[in-house]
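Here the structure is laid out as structure tokens; the discussion comes afterwards.
The values are calculated or read from the model by the stated rules, or taken from the named source; none is laboratory data. Because the structure is predicted, anything quoted here is derived from the model rather than measured. Virtual Cβ from ideal backbone geometry, glycine too; neighbours counted across all protein chains shown.
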Number of protein chains: 4
Amino acid sequence: MVEPSAEEREAFAQGFDRLYGLELLAYSDEAVHAQVTVRDELKQPMGLVHGGVYAAIAESIASFATFAAVADDGNVATGLANATSFLRPITAGVIHALAERKHRGRTTWVWDVSFTDDAERLCALTRMTIAVRAVR
Amino acid sequence: MVEPSAEEREAFAQGFDRLYGLELLAYSDEAVHAQVTVRDELKQPMGLVHGGVYAAIAESIASFATFAAVADDGNVATGLANATSFLRPITAGVIHALAERKHRGRTTWVWDVSFTDDAERLCALTRMTIAVRAVR
Amino acid sequence: MVEPSAEEREAFAQGFDRLYGLELLAYSDEAVHAQVTVRDELKQPMGLVHGGVYAAIAESIASFATFAAVADDGNVATGLANATSFLRPITAGVIHALAERKHRGRTTWVWDVSFTDDAERLCALTRMTIAVRAVR
Amino acid sequence: MVEPSAEEREAFAQGFDRLYGLELLAYSDEAVHAQVTVRDELKQPMGLVHGGVYAAIAESIASFATFAAVADDGNVATGLANATSFLRPITAGVIHALAERKHRGRTTWVWDVSFTDDAERLCALTRMTIAVRAVR
């Protein structure tokens, strides 16, 4: 994995990703490391990090790394399916996300994303299926 | 389904749900209707509504309706798994969400959430599994 | 939906589908109705119908109906993802399967398959994603 | 992981698992290794191993290992959800399955199962959620 430049980091944090605070730390075409700092605005009514935050992180980092790898061939990458399992709540600190590529097909890539808290406990898992399509 | 009072509506929109703009329109223990108005802050870099927004909506409305039904028995409801399939992008207008309960078990409820755009086209589907647990 | 001819019915029941006893009752490009009669050979050690049986049925009927619709254009249909939720066990009688198409895309179709027992209780749900590809 | 005794191996292969030919090779409460030899009876009409076979293997080995770990406390283990992604077809040889436990909760365990062919290529992935419940 390589660390993104300040420009890449800034360009990465657009739209929804900026809204919830996604930070890209390192990436390659096989793995991505990113994080989000917990704040009250990311929580559901019981005070836990909202499940949608994990799903959003997985979607963004798997799509980004796939796109970075296929863009030169004139392709785009879009999420096809996002399956997230919630194992243990996070209520404070930092959400650490690690995406690992499991499959690189002609038309679909599959990534497994694991989320840990500051104590390195596994808190959520996402399987992301990304569609790779030629720009029309 | 019943429409929430102004107080319920206000109480519903906390934390992350307030951040991305979830509006609860009607609910029962079998169905929920909600919506989110698209804005640039909800998009991914290609200009489409971010996949995490659909996942977040499904998580919130299925959890809310389950909790509303089991709270009187001293139970809480938390997301166990969220599986979202993306069928067609939304770029403007309103995201319309309809959750329908498929299963009411002793320890898990299952909901199917469908998302449509202003032209009533199906754009995403979520299967939400909610765990029902006694407050400890 | 149309009922398959005796020849179609026979041709349908090949390989694994024949092994576990899948019977095709009716189909169209939007819905499929099929069934499997429970026998001890389809059970797991606790005496319930094995989860793999539901997954297999969903895979077969969604793939079959997609293929029937796209074959004339020189395409094949293969399973991309199969997500099955188990709601209530079946121990005897007939497993009734109804597949409903939710999405017909250029490269993926999505089907929801619901399984009921002889008392018409919902026992399992599968979301099937089928890839449509040109024959190479 | 420990290898099962001849008796355990025999007891393991009941009902549906015997029908499709599941062989348990080694297990612990954190991992399971099993295999199935491909034969025509396990295929779908295009000559590939049927998707239901992978789903069935994952269901059986994750349930078995969970049950082996919780039975002494008077609990049973049943499949709650089975999400399988198909990456590459297998047409001959042996299906090698490796289950790895990702989460051991009070009421749910989560396993990731990976399937490889004789050339050690990754062919399918299953995320299995197992419910742990007290015997009633």
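For segment D:88-101, the candidate set comprises residues that are within 14 Å of chain A (Cβ to nearest Cβ) and surrounded by fewer than 19 Cβ atoms within 10 Å (Cβ to Cβ); within that set, the residue that is nearest to residue D:133 (Cα to Cα) is D:100. Can we say residue C:71 is of a type in the set (Gly, Ala, Ser) and either touching a Cys at 6+ places or on another chain (Cβ under 7 Å) or in contact (Cβ under 8 Å) with a residue 24 or more places away in the chain (or both)? Considered against the rule, which asks whether it is of a type in the set (Gly, Ala, Ser) and either touching a Cys at 6+ places or on another chain (Cβ under 7 Å) or in contact (Cβ under 8 Å) with a residue 24 or more places away in the chain (or both), residue C:71 comes out as no.
Name the residue, out of B:98, B:42, that is closer than 21 Å to residue A:40 by Cβ and not small (Gly, Ala, Ser).
Matching residue, one of B:98, B:42: B:42.
Go through segment C:1-20 and give me each residue that's under 14 Å from the mean Cα position of the chain (by Cα), part of a helix (DSSP H, G or I) and crowded, with 16+ Cβ neighbours inside 10 Å. Residues satisfying the conditions are C:12, C:16, C:17, C:20.
Hey, any hits in segment D:66-75 for a residue that's over 19 Å from residue A:128 (Cα atoms), within 9 Å of chain C (Cβ to nearest Cβ) and out of contact with any Lys or Arg (no Cβ under 9 Å at 6 or more places or on another chain)?
Scanning segment D:66-75 turns up at least one residue that is over 19 Å from residue A:128 (Cα atoms), within 9 Å of chain C (Cβ to nearest Cβ) and out of contact with any Lys or Arg (no Cβ under 9 Å at 6 or more places or on another chain).
Looking across segment C:102-121, the residues that are facing another protein chain (nearest Cβ under 8 Å) and either surrounded by fewer than 17 Cβ atoms within 10 Å (Cβ to Cβ) or over 20 Å from residue D:53 (Cα atoms) (or both) come down to C:102, C:103, C:105, C:107, C:108, C:110. Among the residues making up segment C:21-59, those that are at the interface with chain D (Cβ under 7 Å from one of its Cβ atoms) and either modelled with pLDDT of 95 or more or buried (at least 23 other Cβ atoms within 10 Å of the Cβ) (or both) are C:40, C:41, C:42, C:43, C:44, C:50, C:51, C:52, C:53, C:55, C:56, C:59. Within the option set C:33, C:50, being over 20 Å from residue D:48 (Cβ atoms), in contact (Cβ under 8 Å) with a residue 60 or more places away in the chain and not hydrophobic (A, V, I, L, M, F, W, C) holds for one residue only, C:33. Given the structure, is residue B:78 surrounded by fewer than 19 Cβ atoms within 10 Å (Cβ to Cβ) and in contact with a Lys or Arg (Cβ under 9 Å, 6 or more places away or on another chain)? Considered against the rule, which asks whether it is surrounded by fewer than 19 Cβ atoms within 10 Å (Cβ to Cβ) and in contact with a Lys or Arg (Cβ under 9 Å, 6 or more places away or on another chain), residue B:78 comes out as yes.
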